[in-house]
Structure formats: C-alpha cells, structure tokens
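Trainee: One structure, pasted below without further comment.
The values are calculated or read from the model by the stated rules, or taken from the named source; none is laboratory data. All values derive from a computational prediction rather than experimental measurement. A quick note on method: Cβ atoms are made from the backbone with ideal geometry, for glycine too, and the neighbour counts reach across all protein chains shown. Accessible surface areas use protein heavy atoms only, side chains included; no ligands, DNA or RNA. Shrake-Rupley method; radii C 1.70, N 1.55, O 1.52, S 1.80 Å.
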Amino acid sequence: MCRFLLYKSNSPILLADLLTRPAHSIIMQSFNDKLRLDNRQPVNGDGFGIGWFDEPGTQGCIFTSTLPAWSNLNLQRLAEKVKSALVFAHVRATTGGTATAESNCHPWQYGNLMWMHNGNIGGFRRIKRRLLSALNEEIFLSIQGTTDSEHAFALFLSMLENPKGRADFSYQELHQAMLRTIAQLNEWLDEAGVTDEDGDHELSLLNFAVTDGQSVVCTRYITSSELPAASLFYSSGSEFRPETDSGSYRMAKANKREDVVVVASEPLTYEKSDWLAIPTNVLLVITPKLNVHLYPIRDKYWNPHRFHTTS
Amino acid sequence: MQAAPQSRHIAPPPPLNQIGQVRCLQTLSQVLDSTHYTGEAGEGERDDDKRNGSVLSMALDDEHVFSGSQRGHIYVWGRDTFRLERILYGHTAGCLAMTLDEARGVLYSGGGDGKVRAWDVRTLQCLYVIYAGVNSGAILSLAYSRAHDVLVLGCQNTSIQVFDVANKDSVSREERLKEIAARRSGFFDSAASASKFVSCASSHARALSPADSAGPTNEPAEEYYVVFGHTITLYAHSGYVYSTLLSSLSGNSTGAIGEEEILFSAASDGDIKLWRLNGVALENIGSLDRSGMSDSYGGEDEDVCIHSLAVDDGLLFAGLQSGKIEVWDLETMQRIRVLAGNSSANVFSLMVHSHCLYSGAADGTVRVWGADLQSLGWISCGSDSVLALVAPKDDDLLIGGTDDGSISFWDTSAIVASLGDAARVSALGVYNVPKDNNSHQQAQQAQAQLVQEQGIQRRRHRGRRMLQALGQWIQLKSVSGVPELQSECRRAARFLKDLMRQLGAVDARLISSTPSSNPLVYGRFDASLPAANALPLAQRPTVFIYGHYDVMPAGDEALWRTDPFEMVGRNGYLYGRGVSDDKGPVLAALFAISEMAASGQLPMTVVFCIEGEEENRSVGLHETIEEHRELFGVPRLILLSLSYWLGESTPCLTYGMRGSIAANMRIESTRKADVHAGVWGGAVNEPLISLSYILSHLSDPSGRIQIPGFHDDVRPVSEKEEAAMRDLVQWITDKEAHAPLVTRTVLSPISADSVDLELGTEGLERSQSPLVVDHRAKTDLYNQLMQRWRFPTLTVHHMDVSTVAARSNTTLVPAAAQASLSVRVVPDQSLEDIAEKLRTYIEQLFDNIKAQRRQSGADGQALLDDLKLHLDVHPNAQWWLADPETPVYKAAAKAIHDEWRDALADVDGNDSKTHVPLLIREGGSIPAVPWLESFFAPHAVAVNLPMGQSSDNAHLDNERISLENLMRGRQIIQRLIKDIDQVLQPTHGLGDASSGS
C-alpha cells in the first residue's frame, strides 16, 4: 500500500519543493500517512522511486532505491538540484509478498512511457499466467520485477500500438488504453472467480498513473460499487509555492488558468481549499496544455450514488 | 522633395489608450503599495501582497464596483469616488466568480473554498453562506436567473449545481447543519491543530480552517445553506466549468418576454453545452459541435480550454485558451467566425457593451471588436493578465481587473462615438445646454426633465467632462517665471478661456498683464434672473472667484511615479502637477458655476479671475485688476481654494493666513575684490563676519525675534482662541491618526526623544505611558500649530559670498556677503511697520559695526577699506484673518458640512456637527487675498475653501488630489453660491462697510 505523487506544470519545479519540503510531502507520507486503507504495512519503507522528464517528447529518467525514502541522502541531494515540469514519485510498502528490490520499485518506464501504481490487484496470482501469455514477446521480456503493478503496466503497453518506438501519444489514446487495461483485468479477475460475490472475494485497488512525458492519465479505482477507492487528490492553480519557510505550501490561483497540476495519494499540505478528492472510479487526464479532465469509469462498479467523502 | 521610403512591414497599431481613443480614468489597486502615503494606508487593511493580489472576478451595481481577490477578500469601491469603501472577509480562498441579483440587491460570490456567499449590497453584510455539493472544489462561475430565481454554480469538479434561492428555507436548518457536519474531512479537520468542531454552525465555520480566524471578520453570517445532491449535475462536463451564462437563444441576456432562458456552460474540456432549467433540475438540450470543425480555421486541436462566454444579439462568443474567440450563430448553432488576436494568450474574459465585444487576455490586452466583428484595436494593460471585465449598462465605461491586483476604468465613449451611435454621444453632451436657449423658464424645464431622466448618469458624464478637461489642462506645462515655458502658459490660459466659452460664459477673455508676465484669464457668468443683471456690470454685485493656472516646476522627475504632466488616476486620487494647486479646484469652481448658469440657478453674476503668476509672486496682478476694475463689478464674495485640509478626512475651512515680508541684504567692501587672507587679513573689513553679526542678532538662541518692538502688536491669544485650538488638537489626534501632521508630531525626533526620556525616568509604570505619550503629543501639536498659524517667525533662507572663488577657496577674504530672509507676520502687526522695524534694526546693527570699526581705527587699527550695506525689504503679503462668525463664513461652513454630512455621519454622528468643517488657519501667505479684499473694500469678504488634503504634496513630487474631494468641492461651491444673494443681503441692504475685520 503505497503513496504516489505526480506533478505537471508549464515551468519546471525544484523537486525539493514537491518531495521534501512541503509539510505533508511524500517523504512525510512515507512514514506518516493518514489515509491508508490497508493496514498490513504501517509505513511505506520498502523503497521509493522518482521519475522525471527533462523535456517533452524525450525519455524520462528514473531513480529508485530500496532504502526508505526518509533515510536516503542521495534523494535529498538530487531533490535540491533537479528541476522538472513532469514528475512521478512513489514510496513503497510491499504487498503480496513481492521482494524489496530496485526492480520492484515504481515507477517503470518503457519507451517514453512511465507508469506507477498505488494499490494492488487482488488475487493477482490467479491471473498472472493469463496476463503474461497475452503479452507480445517484446513487452513480456521487458518485465524485470515481480510486482502486480509492473505486470499491469505491461498489460497497458499491450493496449497501445507500437508503444516503444513512438515519441508521443494523444491523451485520448492513453485514456482509452487505460480503460481497456482496467476492463481486461476485470474480465480476467471475473473469469478467475476472484470477484465472485460468494467466493474468496479479493478487492483490487487500481490507482494507476501513466505519462508519455506530455499527457498524464491516472485513475482512482476499486473493484467495488460500494467502497471508496484508495485516496487520491488533485490540486491545480498557477503555482505551487511556499508561503513561509516552515513547509507551508499553497497552490496559488492567480488567474483562471491551470499552470500546475498535482495529483497525490494524500494532500501535500493542510490547505483544505487547495485539494480536491478524485471521486472513486474516475479517470483523470492532464492534457499537454494542462487542461484537467475527469471521466467517470462507467463499468459495472460505477455507482453515482456511492457515498461521497472529501477524503 | 524626396518621397519618404515606404515602410516594408506594417507595424502593429499602437494601443487605443496610447493614441487617446480610450482614456484610463482611474486605476485602483487591491494591493497595498509601500510607496503609498500614510493617508492611503488608513483607508483599509489591504493585506494582499502583490503575489496574491490578483483580481479574479468583478461585479458592479449603481454605487459600487466589487472586486474579488486571490485571497478571497472582496473589495468594495465607490463607483464615483473610486474610494475603497469596505473589504468583505469570508472566503478562505480566491473569489473566482461574482454575480448580482439586481432586484434583491444581493451579490453572490463564489470561492475557491467551495462556498458561495450572499451579500447585501446596501449594508455590505454577509446574508448567508451556501455550501456547494460535496467535493465540488472551487466555484469557478456563477449565474443568477431572475426568471427561475435560482443561482447556477459552475464547479471545478465538472459539476453544475443549482441553488434554489426562492425556496432556500424549505430544508430545515437542522438538516442543513447536519449535512454540513457530515462533510467533515478526516484528513484536513484532524490535521488542523484547532479542531474545535462543534455542531453549532457559526463556530463550525470558524473551526474549518485556521485561515478562517485570520484577519478581521465581518458580521458572522447567520444562515447556512447547502446545495443538495438532487440539484447537482455531476460530470456536466469533463473539465472545470469556467463559464456559465444565462441568455435566451436570441441572445438577449436580459431575457425578452416569451423567450426561454437557456444556460450555456463552457469548460476546460473544450465543450460548450446548452441546458434548460426545469425548476432546479438541468436538462441538457445540446452542445455546440466544436470538434468536427477543428481544421476549418487552422487546425485548432481539441485540447483547448474555454475560459469565457458572452452573448449578444443572437451570437455567442467563446474565449479560448489559444487566444482565439469563436463566434457562434445561435439560430443555426453554427460557428460563423473565429476572431484571432495577435497573441496566443488565454482569453480570460469577454464582455459585450454597446454592441462592441471586449476580450481580456493573458497578454495584458483588451481587444475591441465592432458590431460587424471588425477589429477596432486594443487597449494595453501592461504585462498583466486581464482576468475580469465588467461594464455598466448606462455608461461608456469598461472596467478591467488584472493579475497584479489593479482595476482600471476605461472611458470608451470615443469608441462608441466612432461607431456613430448618435444617441449615446448626445447623452454625453448634456452638460452643454445650448447657449441660444436663453429663456430662463425653458432652460429650467429642460433641466428638470434632464435631472429626472438621467440623474446619476448625467452627474457622471459631467464629472467625466471635468476630468477630461483637467487632464488636457495638466498636459500644458504652465510653469510661471520660466521664459521658455511662457508659450505653454499662454496655451494654458487660452485653453481655460476656450473652456469658459464652451461652458457658456457670457464673456471670456485673456487680459494681458505687465510685459513678459502671463495673461490673466477672465470669465463671466451672469445671474440667471434678468433682474439681477439690471445694473451695469461696474456697479453690479458679483462673486469674484480667484485662482491660478500657473504651476510649480515638476522638480525632481525621478521622484514622480508617473509623468508629472500627464494626469493619472490612481486609487481614488488624481496625480499630476497642478491637480491640487490650483488647476483642479479652478475647474471644480468653473464647472460648478457653469452648471448653475446652464440650469438657471445662478443667483448672482460670477466673475473668474484666474491669474498666471501666482507661483511667481503674482507679478502684475494688482496693476491688471486696477486697470480693468469695471469688469469685475462690485465683488461681495471673493472665493478661492488655495489651501489644504489639516488632515486627511476632516473637511476644513481656512479663515486666516500669515503675511510675509522678504528681505535681501548685502554687505560690500569698497575694495571690490577678494583678497588673500594671509596677506591682507586684519587690515581689511570682513563682510561675512559683519553679515553674520547682523543675522545672529535677529533672533536669540531660543528663536525669539529680537527686532525692537516686533512683538508689540501681536494679538494676545484669547481664552476662547486657546480653547478652540485645544479642541481642534483633540479632534485631529482622535480622528486623523494617519495624517502626516499627527504622525510627524508623534514621531518627530525631538518629541520622540522627550517621550523616551520620560518613559525612562518613570521606569516600569507602563500604565501611564500611553497617557504620557498622548499628552505629550497633543501639547506638541498644540504648540506646533500655534507657532505655525498664530505667531510670527523669521527665517534666514540663504547666505552667500561675492564670488565663486571665495565660496570654495578657504584662503580668501570675500569682498561681499549677502543673505536673504523673510518674516511671517500675524495680526495685528502692520506689514509696513514691521518692514520698517526690520529695516531700521538691520541698519542700526550695521551702523553699530561701522561705529566699532571706527573706534578700533581710532585705537590705531588702520583698515584699508570701508563697508556698505544694501538692504531691500519687500512687504509681500498682508496677513489675512476672516471672522468665522459672519454670515458668509457660516454659510460656507454649512455648505461644507452639508456636503460631507453623509460621508461623516456613520463615523461620528453628532460630534461631527460641531467640528465639521474644522476652522483652521495657515502659516503661509497668499498676497492676492488680503489685497483683493482691501482693493474691493468695503464690500468684499474672502472665503478660502480648501479642497485638497494635507497629503496632496502641492509643490512637491507626486502632487495629487482626492477625486472625491474635487467632486465634492464642486458641490460645495454650488451649495454656497445657491443662496449667496440671501446671505449677502443684510450688509448689502444697509450699504455699510464692515466685512467683519
């Protein structure tokens, strides 16, 4: 049960202003998260990963470590120097018995695409072989680790045409591939009986995020029509910046244009009006021009009357 | 002659505001600027800093302009005064949307905090708070439907929500509060340190966020409402709902009879949708198909956000992220045009006004499009995004808010006029009643009708006409006493003369003064009743209005924030050289009188005497007036506005000024040349030492003037006077905490030292210290004012030696030394007597030197040279003291009080009656005033009505005048003149002389 954060803006931000300095930064979330659903692992200490892009249309860079994020000096150093306008960050708490290894740290990349996941695929072992056999050779061979998350990424890639050789994808294409990935997982889970009402029902929490370096598509999803999915918040405005030196950050809204969008498992600050929950089973798109779109995922788990909560 | 080479590329046209097509009347700032003066700081706590001060939304009603700031505060500005009247606190995040229910007088504001606040526009109190649906995010747009009496909210979470205003109380209060309580957020509300959550609604609102308790709060809202789920259309769009607009399909936003009202919504998903309001439910009735035509005008991709919508005459306009504006025909639902500005900056705001489309964009421009969608040009707002535009229905005015926190008021009448809309142009010209309409009755009737029909509108147009004239007049650099600017002075004089003619003066002319000095501008408005004009002018009682059109040089232009000779309106003030001294007050008087004449309400003949040498010792004024005495009739009242309020907020009436005597003295040696001190020193006279000797005997080290008999005639301070002065000091320290007068007194180094000393000796008795400070400050202020107004003073301005060499070479004995000094005299000192005493005393001191020198010569010290004294003493100005008890003064005080009563009423109630206006004196001198009074004696009495405030900075950099003061100054003159014949009647009837002195 992990925490993730993604950030996209018109102009680069210093990673420290996202990762280390804000009051409830992802580093804080790694040992003091507040909105955890799954209490098997109280801290997110099984490694972390940072992915960022230099410029649109080029491959991003990933830095992962199996050390807990709060104790990694290199992360502190890098965060004070690296600037980027598109950042993925992830702190990990392993579930499903996968190893604490760098290959199992989010995010992963393939061509220009970068992927991370917060949650787990319930009963993944029961569909893993099915999933792997559906992959083409190249994507199958690209899998390095053992996590359900990376396998979900492989499935996502198989929904795209020529995922390796292309510099960019339209946000609509990524959107559709994401929907198909979730639909495919659901289909297999159904077939494997994982989601049987009377059986050994294991829930899947599918907070996925993917980017090609220009668009971002992410989901807040659960295989249930009643329960809330793992938390996911977003915030947008003209600038994410410190108010004081003490880690008090705010999303400035100096105009009616979104120049910055942050999506995070937990709000990075305690400014209530800066953060908005992505409703459960909704897909969020950040377009290359920083327009935010929200689409309900209208499958069998869609329930417009699901109990809404601000958290 | 060679033809000019043709330009190869067409330069972009200059902005309309640069070529004078559009004038900026005023710029207000939500952001408190550190360079503002103390007086401005007192207007309200503008705590938004520049980074957080964006104007995100605007609305207006008849009296106010409302601007919503990034911090969530709503600033309420007087539409006519441009004054900040109030800051409405409540929203804890940016106020992104506002709309007005005009019939109810309710302003709705939508915040980034997910709440709508309803404000009473009369009391400016919050009526109630509406919580938008759960997890709505920011409220980005608001529209109020009169037809359905509902409020429509466009939200960040892509929903459109309807709040049923009419039936808002149908859900019980308990249920509403229960709903609000159920929304408590686990994350934020447990994190917030003070989670004093209780079910009581009012404390709930405060506990929600620490920001709630920060800053002053208005009256706590009594009622809380909630937008419940059944009136929310979730996922109405797939993006942020940036714009909602109610209109009929024919495009009449007011909603013609029988036409259905349609809701248009636009969002960051690039969709424009149409909705029908079925009670409180929304029914989607279609959308404008933007996607299919993406290539027809240059490949606009689908990733484009729509920020703004506007409707006019069957057309819908959509402002895009890409800088383009789409034009849709609502009849056919077809896109008929795409307007492209030069830039690719977000079109944040659209406004249709007088059939022109205005678009405000992120590149700091407002582009203007005519009725046939041709571009009419653009207005430049610097580099700041134009986020909000509003325009009053009844005025050619466009108000734009930008992300640097400023609000600019643009006069668009020239654009409207250029489109040939004759009706509107004539509405602007109403101040100008045709001259040939000389039938008094007719004029009165016409006026009554105009007043009825156009009331406020007319007043605004007249005010604007006056400001336009003042702006043009300020541009003329009429600095007197500078030969190269003499032609500019003459142009300023001609400008005024022409303006007087335009405004209906029966006579307006330039009267040439002494050679090489600037002409005097003369204008006359005859009394409205023919009977009052029966006497020939030379014998007719008149009101004589004195002023001047010359100005001081700009001084150090680097100190000015804007061009001194370009009038700029900023935060309720007009800035520019001469706005306060004295062009502004002169025009206020001229427009006051011309309006009265035009409406047949002028009881007496009024003559204007506006000179051009006031700042240059009024050279030639006496001679010119003497020569043309017959033009001025028999002045009964001499009216001028050439002084300032004592502070910033209390109107004043000036009744006394000191007189002045200037003197130059020069002590010369007969040797004519500087000599070497080492070679000749001891054997020659020392002019500078002699000069210093004389100067050092003019006053003693305590500052008391030593001229024999100098103090003999200073009128003793009566008990009444002292009491009145103490009362004045009390008022000014109580009410004018921000006035420079008070702050400087309290903070002046001398005073501060004394206070510190006292505190030091009193040790820890802290409870006494504020009293001590207070008492000390008042005593200081009392003494200061007495010294400035009531007692004479002597100043040495300057000392110098004969040659440049002697000034810098420290081994020379100068051949001559000179000094200039002045004396300010007070009642009952005689100007001539004091001048004579000064002369005699200096000569005596000089004789003394000579005698002692002779004595030393007799004792064997031979001197090679002798000393000579040249002494010029100019009695410049008599002191002037009016009697505030006379009917004219009482009438003037009443006029001031009545005019300002409404503004002061809520502050000080009854107290203001006895204190407004404050009766004040000035330490300075205006030679013309006592001279005119005595020249036109025995009938004339002078009244000096100050318009400006103490912070006006006359003669200094950034000279300014409060626009409200100027407008009210004009009204005060009208109030005073209206019945002036009655006021002056008694003395006139008796024919006796006294004007009270």
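Trainee: Specify the residue that is farthest from B:Ile160 (Cα to Cα); the eligible residues are those in segment A:267-302 that are at the interface with chain B (Cβ under 7 Å from one of its Cβ atoms) and among the charged types (D, E, K, R).
Mentor: Across segment A:267-302, the extreme among qualifying residues is A:Lys289.
Trainee: Quick check on segment B:70-121: of everything there that is within 18 Å of B:Leu387 (Cβ to Cβ) and not in a strand (DSSP E or B), which residue is most open to solvent (accessible area, probe 1.4 Å)?
Mentor: Among those that are within 18 Å of B:Leu387 (Cβ to Cβ) and not in a strand (DSSP E or B), it is B:Arg71.
Let's see how each residue does on (1) of a type outside the set (Asp, Glu); (2) open to solvent by 40 Å² or more (accessible area, probe 1.4 Å); (3) over 17 Å from B:Leu881 (Cα atoms); (4) touching a helix residue (DSSP H, G or I) at 6+ places or on another chain (Cβ under 7 Å):
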{"site": "B:Tyr644", "(1), (2), (3), (4)": "yes, yes, no, no"}
{"site": "B:His697", "(1), (2), (3), (4)": "yes, yes, yes, yes"}
{"site": "B:Ile705", "(1), (2), (3), (4)": "yes, no, yes, no"}
{"site": "B:Pro708", "(1), (2), (3), (4)": "yes, yes, yes, yes"}
{"site": "B:Glu722", "(1), (2), (3), (4)": "no, yes, no, no"}
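Trainee: Next question. Restrict the check to segment B:743-757 and report whether at least one residue is open to solvent by less than 40 Å² (accessible area, probe 1.4 Å) and modelled with pLDDT of 90 or more.
Mentor: no
Trainee: Which residue, of B:Leu485, B:Leu510, is more than 18 Å from B:Glu615 (Cβ to Cβ) and either without any contact (Cβ under 8 Å) to a residue 60 or more places away in the chain or in a strand (DSSP E or B) (or both)?
Mentor: B:Leu510
Trainee: A further question follows. Output the residues belonging to segment B:381-393 that are under 23 Å from the mean Cα position of the chain (by Cα) and closer than 25 Å to B:Gly463 by Cα.
Mentor: Listed by number, the residues that qualify are B:Cys381, B:Leu389, B:Val390, B:Ala391, B:Pro392.
Trainee: In segment B:157-176, is there at least one residue being within 14 Å of chain A (Cβ to nearest Cβ), open to solvent by 10 Å² or more (accessible area, probe 1.4 Å) and over 23 Å from B:Glu222 (Cα atoms)?
Mentor: yes
Trainee: Would you say A:Pro228 is more than 10 Å from chain B (Cβ to nearest Cβ) and under 24 Å from B:Tyr235 (Cβ atoms)?
Mentor: Answer is yes for this residue.
Trainee: Taking the stated definitions as given, is B:Leu956 open to solvent by 10 Å² or more (accessible area, probe 1.4 Å) and not in a loop (DSSP other than H, G, I, E, B)?
Mentor: No.
Condition check ((1) farther than 27 Å from A:Glu258 by Cα; (2) hydrophobic (A, V, I, L, M, F, W, C)) across all residues:
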residue: B:His73; (1), (2): no, no
residue: B:Arg79; (1), (2): yes, no
residue: B:Tyr89; (1), (2): no, no
residue: B:Val106; (1), (2): yes, yes
residue: B:Ser109; (1), (2): no, no
residue: B:Gly114; (1), (2): no, no
residue: B:Arg117; (1), (2): no, no
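Trainee: Six or more apart or on different chains, Cβ atoms under 9 Å: show the pairs whose first residue is in segment A:99-116 and β-branched (Val, Ile, Thr) and whose second is open to solvent by 20 Å² or more (accessible area, probe 1.4 Å).
Mentor: Every condition considered, the pairs that remain are A:Thr100/A:Asp46; A:Thr100/A:Thr66; A:Thr100/A:Thr94.
Trainee: How many residues are among the basic types (Lys, Arg) and within 14 Å of chain B (Cβ to nearest Cβ) when one looks only at segment A:131-184?
Mentor: Selection size over segment A:131-184: 0.
Trainee: Say we look at segment B:520-552 and pick out the residues that are of a type in the set (Gly, Ala, Ser) and part of a loop (DSSP other than H, G, I, E, B); which of these is most open to solvent (accessible area, probe 1.4 Å)?
Mentor: B:Ala534
Trainee: OK, next. Mind checking whether some residue in segment B:417-433 is among the acidic types (Asp, Glu), at pLDDT 55 or above and either crowded, with 16+ Cβ neighbours inside 10 Å or under 25 Å from B:Phe82 (Cβ atoms) (or both)?
Mentor: no
Trainee: Mind checking whether some residue in segment B:98-118 is of a type outside the set (A, V, I, L, M, F, W, C), more than 12 Å from chain A (Cβ to nearest Cβ) and touching a helix residue (DSSP H, G or I) at 6+ places or on another chain (Cβ under 9 Å)?
Mentor: no
Trainee: Could I ask something else about it? Check B:Asn685 against each of (1) within 18 Å of B:His798 (Cα to Cα); (2) polar (S, T, N, Q); (3) touching a strand residue (DSSP E or B) at 6+ places or on another chain (Cβ under 6 Å) and name the one condition it does not meet.
Mentor: For B:Asn685, the exception is condition (1).
Trainee: Further question: Return the total of residues in segment B:157-180 being hydroxyl-bearing (Ser, Thr, Tyr) and either touching a helix residue (DSSP H, G or I) at 6+ places or on another chain (Cβ under 7 Å) or over 19 Å from B:Ser136 (Cβ atoms) (or both).
Mentor: 2
Trainee: Residues of segment B:477-496 being among the basic types (Lys, Arg) and touching a helix residue (DSSP H, G or I) at 6+ places or on another chain (Cβ under 7 Å), which ones?
Mentor: The answer is B:Lys477, and nothing else.
Trainee: A further question on this structure: Going through segment B:853-880 one residue at a time, which ones are surrounded by 19 or more Cβ atoms within 10 Å (Cβ to Cβ) and in contact with a Phe, Trp or Tyr (Cβ under 9 Å, 6 or more places away or on another chain)?
Mentor: B:Leu867, B:Leu869, B:Ala877, B:Gln878, B:Trp880, listed by residue number.
Trainee: Right, here's the next one. For B:Arg671, work out the one condition from (1) open to solvent by less than 30 Å² (accessible area, probe 1.4 Å); (2) over 30 Å from B:Asp727 (Cβ atoms); (3) in a loop (DSSP other than H, G, I, E, B) it doesn't fulfil.
Mentor: (1)
Trainee: Which residues, counting only those in segment A:236-265, are charged (D, E, K, R) and surrounded by fewer than 24 Cβ atoms within 10 Å (Cβ to Cβ)?
Mentor: The answer is A:Glu239, A:Arg241, A:Glu243, A:Asp245, A:Arg250, A:Asp259.
Trainee: Residue under question is B:Glu885, and the condition is that it be under 22 Å from B:Gln706 (Cβ atoms) and charged (D, E, K, R); does it hold?
Mentor: Spelling it out, it is not the case that B:Glu885 is under 22 Å from B:Gln706 (Cβ atoms) and charged (D, E, K, R).
Trainee: Which residues, taken from segment B:144-156, are among the hydrophobic types (A, V, I, L, M, F, W, C) and open to solvent by 10 Å² or more (accessible area, probe 1.4 Å)?
Mentor: Once the filter is applied, which keeps residues that are among the hydrophobic types (A, V, I, L, M, F, W, C) and open to solvent by 10 Å² or more (accessible area, probe 1.4 Å), segment B:144-156 yields only B:Ala147.
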